[in-house]
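Shown next, in structure tokens, is the structure this report addresses.
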Amino acid sequence: MEKLIERAVRDLCGSAYAIALTGAGISTESGIADFRGPSGIWTRDPEAERRAYRSYEKFLRNPKEWWEERLTSPSLLGNLEKAVPNPGHYALTELERLGILKCVITQNVDGLHQKAGITNLFEYHGSVLKLRCVSCGLRFAQDAFDLEKLRREDQLPPRCPKCGGIIKTDGVAFGEPIPGDVASQSLEEAGKCDLMLICGTSAVVYPFANLPRFARERGKTIIIEINADPTPLTEEGISDYLIQGKTGEILPKIVEGVKKAVK
Ligand code: OAD
Ligand code: ZN
């Protein structure tokens, strides 16, 4: 593994435009369960995954009922407001500060990259800290609406003050289109980068999993995975190499190496 870490340091230092892609695996060391790992949310409760697949359709059919259910049932990911970033998140922030990493595209809705201070962040599957108008795409802070009051007064769903459209949580549900702005920005970044560092994702959910494939097709991008287990990207040779282990341990070692190299 040490050899691969050295290789990643060399590749990062030699890159002109490195970006990182992250998934739930980078947050497990902050105490947030992933989805498909051994104690993942879907691994433990396959019925919850089936329900999640039906959620968006339910929202479209009856947003009022969807919101009522949402406000009265516990969140799948637990209380994310108290969650704090771990050394993996901070290592990516450090790589951004060093000028090496140009952006992070995350599937995570937990807001931990933001809390760790990343400035150029694309939240591909949205954020639990925000709400979004499904008509005009405008985003709002979670507390911009008094949802409990709306529920008590039978005024759900919340409506967009700009266009009157229906407001949903920003988190992207299965079957829901990726919001146009992050979808196009992410594709642009994937087309532009010459190094892609993929951290803690099983890379099985689309269209996100197309980003590394797109980068691979475009040519000479170096694609590095840091993950507890091999993924389809490893098995199909989309990534050049996998550093197998925990992001909270490997990423800080990479940062250490990069700092020594740029001194
Ligand atoms: P997954 O749970 O599918 O994958 C997490 C990956 O991280 C697995 O391969 C784990 O082995 C690995 N892993 C866990 N802890 C790790 C650690 N400390 N260090 C390194 N690797 C670790 O999560 P995602 O790929 O993010 O979508 O899942 C993608 C999407 O599926 C989510 O955004 C969510 C989910 O359904 C929606 O809700 C739309
Ligand atoms: Zn709107």
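When the dipole is taken about the Cα centre of the chain, and only Lys, Arg (+1) and Asp, Glu (-1) are charged at their Cβ, what size is it in debye, to the nearest 20?
420 debye
Looking at the chain only, what percent of DSSP beta bridges run antiparallel? Nearest 5 please.
Antiparallel bridges: around 25 percent, rounded to the nearest 5.
For the range 15-147, with all protein chains present and a 1.4 Å probe, just round the carbon and sulfur fraction of the accessible area to a whole percent.
52 percent
For the pair GLU69 and ARG159, what calculated FRET efficiency results from E = 1/(1 + (r/R0)^6), where r is the Cβ-Cβ distance and R0 = 22 Å, to the nearest 0.05?
The pair ARG159/GLU69 has a calculated efficiency of 0.75.
Using a Gaussian network for the chain with springs between C-alpha atoms less than 10 Å apart, which of these wobbles most: CYS163, CYS133, CYS199?
CYS163
Which Cα, out of ILE243, ILE178, LEU131, lies furthest along the positive dipole direction of the range 103-245 (beta carbon charges, K/R +1, D/E -1)?
So the residue furthest toward the plus end is LEU131.
Please report, in debye to the nearest 20, how large the charge dipole of the range 1-154 is about its Cα centre when each Lys and Arg carries +1 at its beta carbon and each Asp and Glu carries -1 there. Walk me through the intermediate numbers first.
On the way: 22 positive and 22 negative charges, 59 e Å.
Its charge dipole is roughly 280 debye.
From the phi of every residue in the range 134-150, what ³J(HN,Hα) in whole Hz does the Karplus formula 6.51 cos²θ - 1.76 cosθ + 1.60 yield, where θ is phi - 60° and glycine or proline is x?
Working through the residues one at a time gives 6, 8, 9, x, 4, 9, 9, 5, 3, 9, 5, 10, 8, 5, 4, 5, 4 Hz.
Any chance you could list P(r) for the chain, counting all Cα-Cα pairs in 5 angstrom bins from zero, rounded to whole %?
Once binned at 5 Å, the Cα pair distances of the chain give 1, 6, 13, 17, 18, 16, 11, 8, 5, 3, 1, 0, 0.
Using the structure shown, list the pairs from LYS102/LYS253; LYS82/LYS259; LYS82/LYS263; LYS58/LYS246; LYS64/LYS115 with a Cα-Cα distance above 29 Å, or answer none.
LYS82/LYS259; LYS82/LYS263; LYS58/LYS246; LYS64/LYS115
For the chain, what does -39500 (n - 2.57) per DSSP helix run (n ≥ 4), summed and divided by total residues, give at 222 nm, in deg cm²/dmol to the nearest 500?
Dividing the helical sum by the residues of the chain leaves -11500 deg cm²/dmol.
Once you have the Kirkwood Rh of the range 20-170 from its Cα pairs, apply Stokes-Einstein at 25 °C and 0.890 mPa s and quote D in µm²/s.
Rounded to a whole number, D works out at 146 µm²/s.
If I stretch the segment between VAL262 and ASP45 completely, what's the gain in nm (0.36 nm per residue apart, minus their alpha carbon distance), one decimal?
Between VAL262 and ASP45, full extension yields 73.5 nm more.
The values are calculated or read from the model by the stated rules, or taken from the named source; none is laboratory data. Keep in mind that this is a model prediction, so the values were computed, not measured. We place every Cβ from the backbone using ideal geometry, glycine too, and count neighbours over all the protein chains shown. All accessible areas refer to the heavy atoms of the entire protein, side chains included, with ligands and DNA or RNA removed. Shrake-Rupley method; radii C 1.70, N 1.55, O 1.52, S 1.80 Å.
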